[in-house]
Every structure is written in structure tokens, then in C-alpha cells.
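Encoded as C-alpha cells, the structure appears first; notes follow it.
No value in this document is a laboratory result; all are computed from the given coordinates. Small disclaimer: the values here were computed from a predicted structure and weren't measured. Cβ: placed from backbone, ideal geometry, glycine included. Neighbour counts: every protein chain shown.
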């Protein structure tokens, strides 16, 4: 089933201890789309400037990403510059130029409006609701956000969250959103606002998923070479929603598998700059790493001692 | 099989956002011993002062902890005072009084010298080697340490580590020990110094275990009420080594189960001050939580999509 994603498409300039790259394709919707496309076709809604070359459109198209909703308007594409220290755990933003993204008003093309799976990337919560207004009763809505919206538009964000089935945020955001340091308590509170399921991304510490009567914990894949963490969370969301749309089921075991497929996509994405690793990724590698995740976490059931 | 543990026995004064307790039984060897005793008999070697009342000896004895190696000498027992902030992730040390612990020279009683399982608690690495000199070829040696020894006695610590089968430290210590932020690389380096297996405790983020050709990752048990984190790492080590001694095997699946039993003991320990939760813990609760850990981490094997 097709997935509708609305978010940012950007040019990033990234510096890590291992190298530097300027003006490379980035943005939440780019990472999400390419990662999700390994599982299901994707309909992309975003805005770019006149400097966004056809080669990028061709890239999306080659990954079954429909770019009919990717508007090219006068002006420059959104740009972000950031730097990671030795520990690679947090990006220091050096520069943000919103450019054409500043006046982004998502318009969902007619043929996208029946998408059954919707992912609201990290944009203004008012616009996220505007997207939901334009679609026809999707089966499933997942949503991301960030500290900026939690601090500046908390009430709007809470209104959006009401309509979301699965909220996908990181642990610092979950704590900030609730002013509660205990993640399990924070999760309970967020779920009381609407989302049946909360997925909390913890970077190198993996993922925790909270749903009715059950919690699922998965470690991150242990990598010796993390080259560039940019886009890890969005690749996770892409693998997660992509697998759910492919599987066509929303039962607990399917959602748990989706968490692992999301983790697999994130683990590949951080192995190179931009979408470079995903561009050369093979489905057999995804399946292989999924099995490695199983081996990573397996222990015997017998509880006697 | 019996376990020999050498470490500290202390009186702690602890303040958390949920309460305060003064002069309560603590110390790495206390937490280790009581946690391990649920699985195997423990021989305790430590030093206390004249102020260490018989009621504490009785407590140890009631848990099959042999206190023949717990020396009571003139002076006061080791004291530690610490405080935890709202996030409970790190103790702020308010006061340390080494007292009789300052001149601790471990003497292993004759009847402990054939202990097959040895746990070297967090003491001077020179003394840890002195313990090993006094025992007769144990089947298995596990060892803890802390940032203080990494900074002040790195060479001595590396000499000790050479003789250790399983090193059990936290993630900050693993990074500090190797000056390497990537945990997987740090683990490879530490294992090249001697220990076949490295267990890295990550607090609320669980445990990673590194051994030949395999990594095991386990989340921490998600608790809504963490009352006092003091002793979590030592309770983990107690459950871990305790289960290994009970199982009598050191194959990979047994060690993975030991990680889970260690995590179970740590998760109970943080539910109350001092050893209060472990004192009222039932074996059936341990088995129940082990099964909950299985449910927490389970996902289906099939990697197709």
C-alpha cells in the first residue's frame, strides 16, 4: 500500500570526525522516502527551490518515490549545516536557512488523498493537521516532531497528536513533551493524549515502543563505523512505516517487526553520508541484518534457576 | 558452586527525589552478595569497623552469605553519602570516608581458596591481583572497576584485567579505559587485553555483552518507579555471576541468560533503598520478571518483507 509522506527536502552540509560533505541531499522526507521505498511505494509532498536539479528527482523516481507532490518554486532549497563531535551523539547546528521551506503550505495532490498510510514528518504541527484535513480517512497516521515545536507550539502539537496512531520521537523529546524524566511514565502520559502507540528512538541505545499492556525494547545495531548519524531517525521511520504498509497489518507482532526493520534501515543509513548507503543497499542485506538483530537479542525462554 | 567476592561493605547516606535514608547498609560486596545468594552460596571478604552491628552479620548469614572473611577491625566502617537528581541517572557524591577500608588488605580464608567462581569488586587493582594470588586456580574470574582506578592506576588495572575472564564495567568506563567513543571498538580493544567476555552496563539503557564473534544486547527493565539506583550495577553483577555459578556452564547461551538474571536483580534492587527490596524478594518474582524480559524483547524471526 502507498505511503504519503510530508516533510522537508534539503541540502545539508555535514562535518563529522571522518569527513566533510557540502550541499548533499538531505531532509526528513528524503531519508524517510528512500528508506520506506524498499518496502512500499511512497508519495512525497515537500517543497524545493529552483536550485534542486533533475538528478534528485530522477533518484527519487528510481526508488518508486512519486514526486508529483514535490513542488519546485522560485527561490533556494532549505539548507542545514551541522557538525558532529567525536562521540557522534549530537549534531551541533551551524546554520539553518529555511529558504523556500519557510512558506511551505502542503498541498496533497488528488491522487495521493486516498493513501492509507500517512507519515507526518517534522514540520509545524498546524501544517501537520492541515495535511490530515486534506486526506480521506487514512488507515494509519504516524508522526514525528522536534524540540523546536515542543517549545514554541506545544498546544498545537498536542492537538495534532490527538489524531495520530503512532508517535515516533526521541527520548529527549518524550521527556520534554511531558516534563517527566521517567520514560515509562512519560510514555503513559503521551499515550493518554491520543496515540495508541509511542515509539521512542534512543540513538545508539536503540528503541522502546509503548502500547496497550506491553513494552518492546530493541537495542541499536552495534556498528564499529558510524560515519554520519544524519537521517538515522528518519530512516528508522521510513523502514518502520514502510514495513507496516507492506505487511498491511497493525497487530503487535507486526509492529514489533517494523521496529526492527526501522532499526535495520537506520543502521545502514549511518554508514555513509547523505543517502549514499541506502542508494547501494540490496534487499538481501536488509534481510541479513534483520537476522543479525535476532541473534543480537536472543536468549533462552526457560526462567528456572 | 560457591562464589568468592571481595569488595566494600559500607554505610551509605542517600538522598533521592523520593526520600532520604541515613547510614544504611551498602557497598559493592553487600549488594553483590545478597543478589548472588539467590542463586549460589557466597563467601564474602571485606572489612568493617567496630560500629558494624551483629544484625548485619545475621542478615548476610540468613542469605547463605558466609561472613568468615568479613573482618571487623578497630575504627569506623567505610561511609559514602550521595544524592540523585530528578533524572536519577548519576549520583553526586557528597562525602566519602574510607575509614577502615583505607587500609584494607584482603586475606582469603583457607576454606575460600578453592572457590571456583571469583568476583573482584571495585577495589585497588593491585589488591584485586593479590586476591587472585591467594586463590587456587578458579574456574572463572569476573571483575569490576571504576573511573578512579582508570585515572590513577591504569597500568596496574590493565595487569589485573589480563587475568580476568569477564570484565563487568559501565559504558563511560569502557570509553575512558580505551579513549574510544565507539563502544564496539572499545570492547574489541579491551577484549584484546585478556577478558574473553566484556559486559557493559548502560544503566537505564540496559546491557551489551561482547564475546568472540557475537554481541548480545538487552534493554533494562522499564520501571515506572525507580526509587534509588544505588547498587544497581553490583546487584547486576551478583545476579550475573550467581546464575553462572548455579548453572555451572560458561557457554554463550548460559552467559546470555546470566545477563538477563543480572538485569532482573538490578531492576528489583532499585525499587527501594539499600537492600530492602532484595531482602523481601521471592524466587518466584525473579522467574516472573525473567519471563517479562523475554516478552519485552521478543520479535518474530522471519526476515522476509
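In table form, for the structure just shown:
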{"item": "Neighbour-count ranking [beta-carbon atoms within 10 angstrom, fewest first] of B:51, A:302, A:272", "result": "A:302, B:51, A:272"}
{"item": "Isotropic mean projected area of the C-alpha convex hull, segment B:238-305 (nm²)", "result": "5.8"}
{"item": "For chain B, calculated [θ]222 nm from helices alone, where every DSSP H run of n ≥ 4 adds -39500 (n - 2.57)", "result": "-11000 deg cm²/dmol"}
{"item": "Sorted by Cβ neighbour density within 10 Å, fewest at the top, the residues A:274, A:192", "result": "A:192, A:274"}
{"item": "Residue A:304 versus residue A:105: modelled label distance in nm, points set 7 Å from Cα along the beta carbon direction", "result": "7.0"}
{"item": "Quotient of C-alpha Rg and 2.2 N^0.38 Å, computed over segment A:165-240", "result": "1.11"}
{"item": "Kirkwood-based shape ratio for segment B:190-305, expressed as Rg/Rh from alpha carbons", "result": "0.99"}
{"item": "Exam field: residue B:137 pseudo-label spacings to other copies (7 Å along Cα-Cβ), nanometres", "result": "7.6"}
{"item": "Spatial separation of Cα centroids for segment A:1-60 and segment A:123-138, in angstrom", "result": "20"}
{"item": "For residues of B:30-37, the mean tally of beta carbons on other chains within 10 Å", "result": "0"}
{"item": "A from B by rotation - nearest chain B beta carbon to the axis, in Å", "result": "B:205, 2"}
{"item": "Ascending list, in nanometres, of distances separating the residue B:97 label from those of the other copies (7 Å, Cα toward Cβ)", "result": "6.4"}
{"item": "Cα-based radius of gyration of segment B:99-140 once divided by 2.2 N^0.38 Å, which approximates compact folds", "result": "1.17"}
{"item": "Choice from B:24, B:169, B:260 showing the highest fluctuation, given a GNM over chain B with Cα pairs closer than 10 Å", "result": "B:24"}
{"item": "Alpha-carbon gyration tensor eigenvalues x 5, square-rooted, for segment B:23-106, Å", "result": "23, 18, 11"}
{"item": "Span from the segment A:166-180 Cα centroid across to the segment B:235-290 one, whole angstrom", "result": "30"}
{"item": "Across the identical copies, how the residue A:193 labels are spaced - nm, sorted shortest first, 7 Å along Cα→Cβ", "result": "4.5"}
{"item": "GNM top mover of B:244, B:57, B:44 - chain B, alpha-carbon springs below 10 Å", "result": "B:57"}
{"item": "Within 10 Å of each Cβ in A:212-218, the average number of Cβ atoms from other chains", "result": "5"}
{"item": "Segment A:94-193: radius of gyration over Cα atoms, expressed as a fraction of 2.2 N^0.38 Å", "result": "1.14"}
{"item": "Principal axis dimensions, largest first and in whole angstrom, of the protein assembly as shown by Cα", "result": "83, 43, 42"}
{"item": "Label zone at residue B:148 (point 7 Å along Cα-to-Cβ), backbone N below 17 Å, segment B:64-95", "result": "B:76-83, B:91-95"}
{"item": "Relative contact order (%) - criterion: Cα under 8 Å, at least six apart; region: segment A:3-297", "result": "17"}
{"item": "Which of A:63, A:268, B:119 has the fewest Cβ neighbours within 10 Å, and the rest in rising order", "result": "A:63, A:268, B:119"}
{"item": "Gaussian network model of chain B, springs between alpha carbon atoms under 10 Å - residue of B:191, B:291, B:72 with greatest fluctuation", "result": "B:291"}
{"item": "As computed over segment B:60-128, the Cα convex hull volume per residue (Å³)", "result": "160"}
{"item": "Rounded D (µm²/s) - segment B:1-45, Kirkwood Rh over Cα pairs, Stokes-Einstein at 20 °C, 1.002 mPa s", "result": "186"}
{"item": "If the convex hull is drawn through the Cα atoms of chain B, its volume per residue in Å³", "result": "136"}
{"item": "Percent RCO, i.e. relative contact order, over segment B:103-142, from Cα pairs under 8 Å lying at least 6 residues apart", "result": "55"}
